[in-house]
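Below: one structure, written as structure tokens.
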């Protein structure tokens, strides 16, 4: 009980203290608002520009969630293929790594030239950033089935499909979910980076472009307000995925049961 | 295909062995010679212990019998079909699926054989009762103690009513109290289901208490140094452990084991 309170109150106290110091510093030092706005200025901007910023947030969020879903499905399938054939895994895994380590900012302009639908172009960028943790985690999970259980399945004459569905897939599930939690944050980053590069995608303007725009106009409080919304979104995505992961694993996995009811 | 154990077939042991190893040896890729020229016949209904020091190839021998590892040379003949559930295997670890309940774990052999419905469920429930875990059907492995998990593992091995049950040091990781309890429970299950049992252990006391026969193995490369019949009265119980016959037999097996290991 005490620990729960500590966990909630201590970070909140740090946050409040930080905001108070920031507020005082901004007001007392006389630094202009277009360089360092006070938290109260940002809150004001959030109140005034909130509705239009939320509209932009929705655009970014749609790309993020679509990219995450695509990463989960395609990433999971790639991992499945990798686990079925060692040859395919060895042949293709390096290229997944290359795709992962190449900075998305560098590839994004190409993708935007190649893919004509703005939504699809942004989605592709975000997907490239998000899919790798799911592929690598799930591949490890699919390959880490208990050796004795594998022997037992062999003993009872299980088919490859049965070994996959009854043993490898359940073993891989916690790994997949851990990958998904990482990918959730990455999909948002990917979407934001893609928007930075693409600029405004026609009628719909994402939150990232609003940040750029606010920067050009020296509307720094609005820039901070948009940034704040972006952070909150990232945290919310993480919390939702964490919740889903706990729900799925709550009955059996050590990561959940160790701190559970007992 | 489905047979039962209604008749203990001890008397026909000599005529028709369920398992016969002829000149079996095993050398691993690393060059390690695990087994050298092992000959062994096991009759139906026997409780045979493979007794030997750690690393003498007992577990390797068991894995060869189960078809999990091929022998490098020699012949392993089984009178039963391995894949049809006629053979059960209990590992040193409980080897349960953590995401499945007790009953789902015990049902695994049926699930692999694509047998569904009431009959497998009844058999699984009976096997869980037989190992003393009635009421825990819907528990998950992490909610059970080490001894209980091992019981689930034994129930899973017994659920297909195998003709041959292979146990690879199943109680080695358990505490003394649990271990003695499970020894007794295993004997009751053997009397009830009457499978042929091949039991790997490095405990003299355990092997004498449980077995009708002990094959003593030498250190690496493993070979069978002595084949002892344990004719202590059946059924065995806690009283057996206190009898002078038991003590004398343990003494004899210990001496044989020491000889096999080359220690005077």
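The values are calculated or read from the model by the stated rules, or taken from the named source; none is laboratory data. Here the structure is a predicted model, which is why all the values come from computation and not from measurement. Don't worry about glycine lacking a Cβ; one is built from the backbone with ideal geometry, like all the others, and counts go over all protein chains shown.
Quick notes on this one:
- Residue check, residue A:255 more than 10 Å from chain B (Cβ to nearest Cβ), at pLDDT below 90, in contact with a helix residue (DSSP H, G or I) (Cβ under 7 Å, 6 or more places away or on another chain) and in a helix (DSSP H, G or I): yes
- Elements of type strands (runs of 3 or more DSSP E) contained in segment B:33-95, each with 1 or more residues being within 15 Å of the chain's Cα centre (by Cα) and on the phi < 0 side of the Ramachandran plot: B:33-43, B:47-51, B:87-90
- Qualifying residues in segment B:70-89 (those that are at the interface with chain A (Cβ under 10 Å from one of its Cβ atoms) and touching a strand residue (DSSP E or B) at 6+ places or on another chain (Cβ under 7 Å)) - the one farthest from residue B:202 (Cα to Cα): B:87
- Each residue in segment B:45-69 was checked for being modelled with pLDDT of 90 or more and more than 14 Å from chain A (Cβ to nearest Cβ), and 7 pass.
- Annotation note: of A:238, A:216, the sole residue that is under 20 Å from residue A:132 (Cβ atoms) and surrounded by fewer than 18 Cβ atoms within 10 Å (Cβ to Cβ) is A:238.
Conditions (1) farther than 19 Å from residue A:75 by Cα; (2) touching a helix residue (DSSP H, G or I) at 6+ places or on another chain (Cβ under 8 Å); (3) not assigned by TED's automatic domain parsing to the domain that holds residue A:117; (4) not in a helix (DSSP H, G or I), marked per residue:
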position: A:161; (1), (2), (3), (4): yes, no, no, no
position: A:164; (1), (2), (3), (4): no, yes, no, no
position: A:170; (1), (2), (3), (4): no, no, no, no
position: A:182; (1), (2), (3), (4): no, yes, no, no
position: A:188; (1), (2), (3), (4): no, yes, no, no
position: A:215; (1), (2), (3), (4): yes, yes, no, no
position: A:227; (1), (2), (3), (4): yes, yes, no, no
position: A:233; (1), (2), (3), (4): yes, yes, no, no
position: A:245; (1), (2), (3), (4): no, yes, no, no
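- Scanning segment B:1-22 for residues that are farther than 14 Å from residue B:194 by Cβ, surrounded by fewer than 21 Cβ atoms within 10 Å (Cβ to Cβ) and either touching a helix residue (DSSP H, G or I) at 6+ places or on another chain (Cβ under 7 Å) or at pLDDT 85 or above (or both) yields B:1, B:17, B:20, B:22.
- Flag if residue A:173 is free of Cβ contacts under 8 Å to residues at least 60 places away in the same chain, surrounded by 17 or more Cβ atoms within 10 Å (Cβ to Cβ) and within 11 Å of another protein chain (Cβ to nearest Cβ): no
- Against the test of being surrounded by 10 or more Cβ atoms within 10 Å (Cβ to Cβ) and assigned by TED's automatic domain parsing to the domain that holds residue A:188, the options A:42, A:113 yield a single qualifying residue, A:42.
- Residue in segment B:108-123 that is more than 10 Å from chain A (Cβ to nearest Cβ) and modelled with pLDDT of 95 or more present: no
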